[in-house]
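Reviewing the structure listed below.
None of the figures in this text is laboratory data; all of them are computed from the coordinates on show. Keep in mind that this is a model prediction, so the values were computed, not measured. Glycine also receives a Cβ, built like all others from the backbone with ideal geometry; neighbour counts cover every protein chain displayed.
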Amino acid sequence: MPLPQEIRYSYADVLAWDESERIELIYGFPVMMAPPARIHQRTIRELVLQLGNYLEGKTCEVYPSPFGVRLFEQQTDLPEDVDTLVEPDISVICDPDKLDDAGCKGAPDLIIEVLSPSTQHHDRSTKFDLYQLAGVREYWIIDPAAKIVQVHILEDGKYHAATVYTAGMTVPVAVLDGCSIDLSAIFPPDP
């Protein structure tokens, strides 16, 4: 949820904030992020392991949160010009020129968000729209409670109907030729 204030901030302000706070900036408005649950972190860990193994020795790189993504930053922008900073659960960037010491400037090739009760609307609506507008080529929304993955592929500037995968299936990663994610490791059977 956005913090209750009318002040608009920039990335320059974010750089001065306490690093222990997890706050995203959406068009200048700060959004506090709650600490993730264990299942959320476990899901991210398993995805990063599989993606990292595939990307070994390749140009693309995978980054788990916290990792700052300045979706709309242009080459000539100053920190005070940037009003949107997100921390996706997982980002895959294939263009090394987009990476700097602070994170990523511009759209990653793949973003994965793992839903939590407090982030569902934010991930399904606000971030969906942001990622589409920024040109993120592939966006996954993972619901660990329901054990489903929704994959959105950008075509002609729009995400079309999601392809849905469930526990036990294998999900191809469209932006990484030959890469697929085994959901049996992501959604292990209930004990």
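Can you give me the Cα centroid spacing of region 98-122 and region 15-38 in angstrom?
Each part reduced to its Cα centre gives a spacing of 12 Å.
Relative contact order for region 41-92: what percent, with Cα pairs under 8 Å and sequence separation of 6 or more? Could the numbers behind the result be given before it?
Numbers: 52 pairs, mean separation 20.7, N = 52.
Reported relative contact order: 40 percent.
Within region 49-182, what percent of beta bridges assigned by DSSP are antiparallel, to the nearest 5?
Details: 25 of 32 bridges.
Approximately 80 percent, going by the DSSP bridge assignments.
Counting other C-beta atoms within 10 Å, which of Phe29, Phe187 has the fewest, and how do the rest follow?
Working: Phe29 16, Phe187 22.
If I rank by nearby Cβ atoms, fewest first, I get Phe29, Phe187.
Per-residue counts of other Cβ atoms within 10 Å, averaged by peptide: what ranking do you get for 16-27, 57-68, highest first? Display every interim value, and only then the final one.
Working: 16-27: 12.7, 57-68: 15.9.
In decreasing order of mean packing, 16-27, 57-68 become 57-68, 16-27.
Please compute the contact order of region 1-113 in relative form: average sequence separation of alpha-carbon pairs under 8 Å and at least six residues apart, divided by the residue count, as a percent. Don't skip to the answer; put the middle values down first.
Numbers: 189 pairs, mean separation 30.7, N = 113.
Reported relative contact order: 27 percent.
According to a simple spin-label model (label point 7 Å from Cα along Cα-to-Cβ), what is the distance in nm between Thr76 and Asp177?
Taking the simple label geometry, Asp177 and Thr76 are separated by 3.5 nm.
Using Cβ-Cβ distances only, list the Cys residues of the chain with no partner cysteine under 4.7 Å, sorted by number.
Cysteines lacking a close Cβ partner in the chain: Cys104, Cys179.
When the helices in the chain are scored as -39500 (n - 2.57) per DSSP H run of 4 or longer and the sum is shared across all residues, what 222 nm value do you end up with, to the nearest 500 deg cm²/dmol?
Details: 4 runs with 36 residues, N = 191.
Calculated mean residue ellipticity at 222 nm is -5500 deg cm²/dmol.
For Cα pairs less than 8 Å apart in space and 6+ apart in sequence, what is the mean separation divided by the residue count of the chain, i.e. the relative contact order in percent? Show your work: numbers first, answer last.
Working: 347 pairs, mean separation 31.4, N = 191.
Result for the chain is 16 percent.
Where does the charge balance sit around Pro88 when Lys and Arg score +1, Asp and Glu -1, over other residues with C-beta under 10 Å from its C-beta?
Details: positive: Lys127; negative: Glu24, Glu87, Asp89, Glu113, Asp123.
The answer is -4.
Using amide H atoms built in the peptide plane, which far-off residues or other-chain residues are under 5 Å from Cys179 H to H?
Residues meeting the criterion, in which the H sits 1.01 Å from N, are Val173.
In degrees, nearest 10, range 0 to 90: what is the angle between the Cα axis of helix 38-55 and the longest Cα principal axis of the chain?
80 degrees
Explain nothing, just the number: dipole magnitude of region 47-180 about its Cα centre with +1 on each Lys and Arg Cβ and -1 on each Asp and Glu Cβ, in debye rounded to the nearest 20.
Details: 9 positive and 22 negative charges, 117 e Å.
Using Cβ point charges on Lys, Arg, Asp and Glu, region 47-180 gives about 560 debye.
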